[in-house]
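Note sheet for the following structure.
The values are calculated or read from the model by the stated rules, or taken from the named source; none is laboratory data. Keep in mind the model is a prediction, meaning the values are calculated, not measured. Neighbour counts run over all protein chains shown; Cβ positions are idealised from the backbone, glycine included. Protein only, heavy atoms only, side chains kept; ligands, DNA and RNA dropped before computing areas. Shrake-Rupley method; radii C 1.70, N 1.55, O 1.52, S 1.80 Å.
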Amino acid sequence: MTAVELPGAVRERVRSAERVVVFSGAGVSRESGLDTFRGAGGLWERMRPEELATPEAFRADPEKVWQWYAWRYQRVAEASPNPAHQAIARLEAVFPFIIVVTQNVDSLHRRVGSRNLLELHGSLARAFCNRCGRSRDMGEAIAESPGAPPICTCGGKFRPGVVWFGESLPEETFEQACEAAASCELFLSAGTSATVYPAAGLIELAHRAGACLIEINPEPTPFSGLMDLRLAAPAGEALPALADAMERCRWPTT
Ligand code: OAD
């Protein structure tokens, strides 16, 4: 992607912004080789969410669910952060307060060094017991028992540390995300279809709070019409170019 030219009104908002939220989804990890959920080639084209990503599915067929998450864990372990994750981490030096709110469970923002990170849908890195809540490393749990969930000392089953359909988001994490969205001046929505609630509601919150909204997605989303700027390009190209433009705007002499 060629350089990003910020429209005048956006440039003003970027120049003065103190509080920034980056809201990310599966598209940000696409160029790391990880599948998105929706759209062509997405995971939900080949698999049914209700057979894999619900508490009912885990009760009905724990082996199938465990094996699917073990497969995803392996894909993530083999993946590396891409220029989109790097650009987002770089923005931490550009704005006084920036928070990354991700729907991704792949830890790639963490691995690249984003420090102020909220994982709304949990993380594949941990497993926890469905009875006593004990938490352990997911990689160790899979190594111990690749084909079926390991059994906890309490007799419960370990499950992946992700949020499933029908479950609540981690309460404190979601509250912090809502507070950040409702008080930011700049909100970047990157690589998300913005169709899964309550996470997608953060865009609405930021809009109502008067934040400048920027979307990075090759495809339009239900919120595209609200955006002050839309970059219709892959995140691994658009985000580095956007970070460059923001740096130029904040540090005009460099
Ligand atoms: P989706 O799969 O719903 O959407 C991915 C978005 O990324 C789409 O809008 C694509 O157009 C866009 N996209 C694809 N390639 C891209 C690229 N290279 N750069 C930028 N964007 C690209 O993923 P999410 O919005 O993250 O939840 O999905 C939200 C939640 O639905 C997930 O966290 C997961 C899923 O079911 C749970 O498992 C609870």
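Which of Gly25, Ala141, Asn104 sits farthest toward the positive end of the charge dipole of the chain, with +1 on the Cβ of Lys and Arg and -1 on the Cβ of Asp and Glu?
Sorting the options by dipole projection puts first Ala141.
Give or take rounding to whole Å, what are the principal axis extents of the alpha carbon atoms in region 85-191, in descending order?
Largest first, region 85-191 extends 48, 25, 21 Å along its Cα principal axes.
With a cut-off of 20 Å, note down the residues of region 142-165 whose backbone N falls inside the zone around a label point 7 Å from the Cα of Trp71 toward its beta carbon.
142-150, 159-165
How much length, in nm to one decimal, is gained on full extension between Glu51 and Glu144, taken as 0.36 nm per residue of separation minus their Cα-Cα distance?
Details: separation 93, 0.36 × 93 = 33.48 nm, distance 2.41 nm.
In short, 31.1 nm is gained.
All other residues with a Cβ under 9 Å from the Cβ of Leu43 taken together, and with Lys, Arg as +1 and Asp, Glu as -1, what is their net charge?
+1
Modelling each spin label as a point 7 Å along the Cα-to-Cβ direction, I'd like the Tyr197/Trp44 distance in nm, to one decimal.
Roughly 1.4 nm, to one decimal.
Place a +1 charge on the Cβ of each Lys and Arg in region 121-254 and a -1 charge on the Cβ of each Asp and Glu, then give the dipole magnitude about the Cα centre in debye, rounded to the nearest 20.
Dipole about the Cα centre, nearest 20: 420 debye.
Would you calculate, for the chain, the mean residue ellipticity at 222 nm contributed by helices, counting each DSSP H stretch of 4 or more residues as -39,500 (n - 2.57) and dividing by all residues, to the nearest 500?
Details: 11 runs with 97 residues, N = 254.
It comes out at -10500 deg cm²/dmol, rounded to the nearest 500.
Could you order Thr173, Thr102 so the one with the most accessible surface comes first? Probe is 1.4 Å.
The residues order as Thr173, Thr102, largest area first.
Rounded to the nearest angstrom and ordered from largest down, what semi-axes does the equivalent ellipsoid of region 11-123 get from its C-alpha gyration tensor (root of 5λ)? Provide the component values of the computation, followed by the final result.
On the way: eigenvalues 195, 38, 34 Å².
Equivalent ellipsoid semi-axes, largest first: 31, 14, 13 Å.
When DSSP assigns beta bridges and you keep just the ones with both residues in the chain, what percent turn out antiparallel, to the nearest 5?
Values: 8 of 30 bridges.
Here the antiparallel bridges make up roughly 25 percent for the chain.
If you put +1 on each Lys and Arg Cβ and -1 on each Asp and Glu Cβ, how big is the dipole of region 147-217 around its Cα centre, in Debye rounded to 20?
In total the dipole reaches around 360 debye.
Any idea what the relative contact order of the chain is, in percent, if you count C-alpha pairs under 8 Å spaced at least 6 apart?
27
Counting only trypsin sites (Lys or Arg not before Pro) that are in a DSSP loop and have at most 15 other C-beta atoms within 10 Å, tell me the longest site-free stretch of the chain. Mind showing how you got there, number by number?
Details: sites that count: Arg115, Arg131, Arg134.
Counting at most 15 other Cβ atoms within 10 Å as exposed, the longest clean stretch of the chain is 135-254.
Can you find, among Asn217, Thr173, Cys154, the residue sitting farthest towards the positive end of the charge dipole of region 131-254, where Lys and Arg contribute +1 and Asp and Glu -1 at Cβ?
Of the options given, the answer is Cys154.
Order the following by accessible area, largest value first: Ser189, Ser16, Ser145. Probe radius 1.4 Å; ligands, DNA and RNA are ignored.
Details: Ser189 0, Ser16 80, Ser145 25 Å².
Final ranking, largest accessible area leading: Ser16, Ser145, Ser189.
Compute, for His121, the solvent-accessible surface of its heavy atoms (probe 1.4 Å) with the complete set of protein chains present, and express it in square angstrom to the nearest 10.
30
Would you work out the relative contact order for region 178-235, in percent, from Cα pairs under 8 angstrom that are 6 or more residues apart?
Numbers: 94 pairs, mean separation 20.7, N = 58.
This gives 36 percent for region 178-235.
What angle, in degrees between 0 and 90 and rounded to the nearest 10, separates the Cα long axis of helix 171-183 from the longest principal axis of the Cα atoms of the chain?
The angle comes out at about 10 degrees.
Can you pull the three principal axis extents for the Cα set of the chain, in Å, largest first?
That works out to 61, 32, 31 Å along the principal axes.
Report, to the nearest 10°, how far helix 235-250 tilts away from the longest principal axis of the Cα atoms in the chain, using its own Cα long axis and a range of 0 to 90°.
Once rounded, the angle reads 40 degrees.
Could you report the accessible area of Leu43 in Å², rounded to 10, computed with a 1.4 Å probe on the protein chains as they sit in the structure?
Around 10 Å² of this residue is reachable by solvent.
Mind listing which chymotrypsin sites (Phe, Trp or Tyr not before Pro) in region 106-175 are in a DSSP loop and have 16 or fewer other Cβ atoms within 10 Å?
Filter output for region 106-175: Phe165.
Post the alpha-carbon centroid distance, region 10-65 to region 142-188, in whole angstrom.
13
Quick one: putting +1 on the C-beta of Lys and Arg, -1 on the C-beta of Asp and Glu, what dipole do you get for the chain around its Cα centre, in Debye to the nearest 20?
Dipole magnitude for the chain comes out near 300 debye.
Ranked by accessible surface with a 1.4 Å probe, highest first, in what order do Ser183, Ser32 come?
The ordering from most to least exposed comes out as Ser183, Ser32.
Once both labels are modelled 7 Å past Cα along the beta-carbon direction, what's the Glu171-Glu63 spacing in nm?
It works out to 3.7 nm between the two label points.
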